[in-house]
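Before any comments, here is the structure.
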Amino acid sequence: MPAVPDAHSRDPLSTSSAFSREIPPALQPLRLAPLALLLASGLAATAAQADHAQNPGGPTMETVEVHGERLRTDLLREQSLTPGGVTLIDIETLFQRNISNMADLLRFTPGVWSASPNGGSPVFLSSRGSNLDATDYDVNGIKLLQDGLPITTADGNNHNRLIDPLSMRYATVARGANAMTFGASTLGGAINFVSPTALNTAPLQLYTMGGSHGRLNAQATAARVFDNGLDGLLTVASDNWDGYRDHSKDDSNSVYGNTGWQFGEGNESRLYAAYIDTDMDLPGTLSKEQINEDPDQASTAALGGDYGKKLESWRVANKTRWALGDNSAVELGFSWEEQSLYHPIVDKVLVDFDGPGPMPPTEVFSLLIDTDHRDAGLMGRYELTLGEHNVLAGINAGDGKVTGGNYRNDNGQKNGLTTKVDNKASNVEAFAIDRWQFAPQWTFVYGAQAVWADREIENVEVASGEVRDPQGNYDSINPRVGVLYDISDNITLFANASKVFEPPTNFELEDDARGSQDTLDAMNGYVVEVGSRGQHTLGQANEAYWEISATTVGSTTKYFQLGNPGETPGHQHRQHDTRRRGGTVGCEHSAGQCRTARAGANAQPHPERIQL
């Protein structure tokens, strides 16, 4: 799906052109080749106009107006200013291969472990040791944003929905503490998706993909730029899949749109809206013996409990940017999302209390979740360029609420309310960071983040009236320091040391193994990272780009969920003094992508320090 150059849109992380540090040549050829061609065309047109002014009787050439890809340039500059692992994904290239979910999007991204248990939209995500649960259902540890505004809920989970990658234009994957410029306070970092607009999209686009196991995806986009500074884009998409495993059908229908108003040089306000309706069957987990017998089968529990997830969600958001002269800008935004979840997920657990006696087995547990979700987000950014300093300050605020109940599950149907749910969460993340180019080849990066978070659980057992309502307040100051050194025009070395901090999700508080009014501590630790980005010319027409980094993370508190595949999920347990060390390698070839797989390792913690 070809895209036209972006004339006006800017990313919230863009830096002023007055800042003297330029994008290193190591980043330019791979990402900016279209820009170079456009600039060359513009120069040729300008030269032709000058020649016509001097020779009015000569041949006349049509005037060509060319706009640079400012959005892409801004994203690349932010990457070049980060002394750590950051990957920019041009989603336009994904239409050249099979993309069904976020695991396909992140397949070649270094430092990220992503996989779908059944090939459908449910995806496991982990970055730098985050989200290492035996049963991953809240998908915590990585903050997902769309145009700088949160998709991840206020308590930090991504349980209900992820982002359809083909509905976006770019994705920036900032691993670990490198996500500070997004305001994220997580162990794994953040992924910020940038929406396409009419300014960088062809007027009409049609896309369809089909394949085995009932795969049929279709997408249609219409876009238009008006003469009065207004533009609009609308996308309608339908994704359908029967699945290669039994009981894994996955259907989703969605509508995305945005409209923008350019009200001056560098000033823009854009309104976003989305509606998503998803209906999926879940095949459940299998034991090793079951996989050897038939890896495509659904688990007996999934069939008996008709495991699935029906989710209806809608979202509106706005982002407005004001340029305050040539060297500063302010950006403000808000988002509001509501979701309705129907989720049978645990089949009847039967216990025969009298053994061979005459009494039939008794149901002791089953679970069907029927809840409504509401999340609101606010975002503010201020950037200022003063001489060799580029300062970025920002604040994120989120507030979320979940109401509804847990029911007994009778083959996918509600069979009596067991627990009333009324959970709340809020968080504030504020940061300030300075990128100081104190010498021609050196940039010193330093800053800090302040985090305040509240978690409140209220679960009322219907049968007994017992109330479990653990409440937690969390706060932290997270410093960060790093350095960039351009060893040559084509190679940059980087290093950083940072503190990471992640409060627990409400799922983790509900699932605490102690089952008391006590809360879990926040996960936190320190990370040290060293690495390099660079480029090397291969022959006359080929360029290779790489990013290599090594990290070590020491966490004072980490959560693990104990349980075996194919069994009822276990509960959250705290574990202290964990160590994780790893390395990542990513490469890209300008004549065709060939990004390598990630490489990494996690040190084993001391088992005697598990607290039950």
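The values are calculated or read from the model by the stated rules, or taken from the named source; none is laboratory data. All values reported here derive from a predicted model rather than from experimental measurement. Counting neighbours? That spans all protein chains shown, and the Cβs are built from the backbone with ideal geometry, glycine included. Ligands, DNA and RNA are excluded from the accessible area calculation, which covers all protein heavy atoms including side chains. Shrake-Rupley method; radii C 1.70, N 1.55, O 1.52, S 1.80 Å.
Observations
- For segment 236-265, the tally of residues that are small (G, A, S) and open to solvent by 30 Å² or more (accessible area, probe 1.4 Å) stands at 2.
- Taken over segment 418-449, the residue count meeting the criterion of being in a strand (DSSP E or B) and over 30 Å from T403 (Cβ atoms) is 17.
- Against the conditions (1) surrounded by fewer than 17 Cβ atoms within 10 Å (Cβ to Cβ); (2) more than 22 Å from N459 (Cα to Cα); (3) of a type in the set (S, T, N, Q), N415 satisfies every one except (2).
- Answer residue from segment 138-162, given it is within 20 Å of R270 (Cβ to Cβ) and open to solvent by less than 10 Å² (accessible area, probe 1.4 Å) and is nearest to the chain's Cα centre (by Cα) among those: L144
Yes/no matrix, rows are residues, columns are (1) in a loop (DSSP other than H, G, I, E, B); (2) farther than 20 Å from G284 by Cα:
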{"residue": "T87", "(1), (2)": "no, yes"}
{"residue": "F95", "(1), (2)": "no, yes"}
{"residue": "S100", "(1), (2)": "yes, no"}
{"residue": "D104", "(1), (2)": "no, yes"}
{"residue": "T109", "(1), (2)": "yes, yes"}
{"residue": "G119", "(1), (2)": "yes, no"}
{"residue": "P122", "(1), (2)": "yes, no"}
{"residue": "N131", "(1), (2)": "yes, no"}
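- Looking only at residues in segment 433-442 that are touching a residue at least 60 places away in the same chain (Cβ under 8 Å) and not hydrophobic (A, V, I, L, M, F, W, C), the one that is surrounded by the most Cβ atoms within 10 Å (Cβ to Cβ) is R435.
- Set A513, A430, A497, A522: member being open to solvent by less than 60 Å² (accessible area, probe 1.4 Å), closer than 29 Å to A397 by Cα, modelled with pLDDT under 95 and among the small types (G, A, S): A522
- All positions within segment 448-473 that are open to solvent by less than 50 Å² (accessible area, probe 1.4 Å) and within 23 Å of the chain's Cα centre (by Cα): A448, Q449, A450, V451, A453, R455
- If you go through segment 280-300 and keep only what is farther than 30 Å from A376 by Cβ and open to solvent by less than 40 Å² (accessible area, probe 1.4 Å), you end up with P283, G284, L286, S287, Q297, A298, S299.
- Any chance D277 is without any contact (Cβ under 8 Å) to a residue 40 or more places away in the chain and not aromatic (F, W, Y): yes
- If you filter segment 471-489 down to residues that are assigned to a loop (DSSP other than H, G, I, E, B) and in contact (Cβ under 8 Å) with a residue 24 or more places away in the chain, you find that the one that is farthest from V527 (Cα to Cα) is D489.
- Residue identified as buried (at least 17 other Cβ atoms within 10 Å of the Cβ) and within 20 Å of H159 (Cβ to Cβ) among A376, A397: A376
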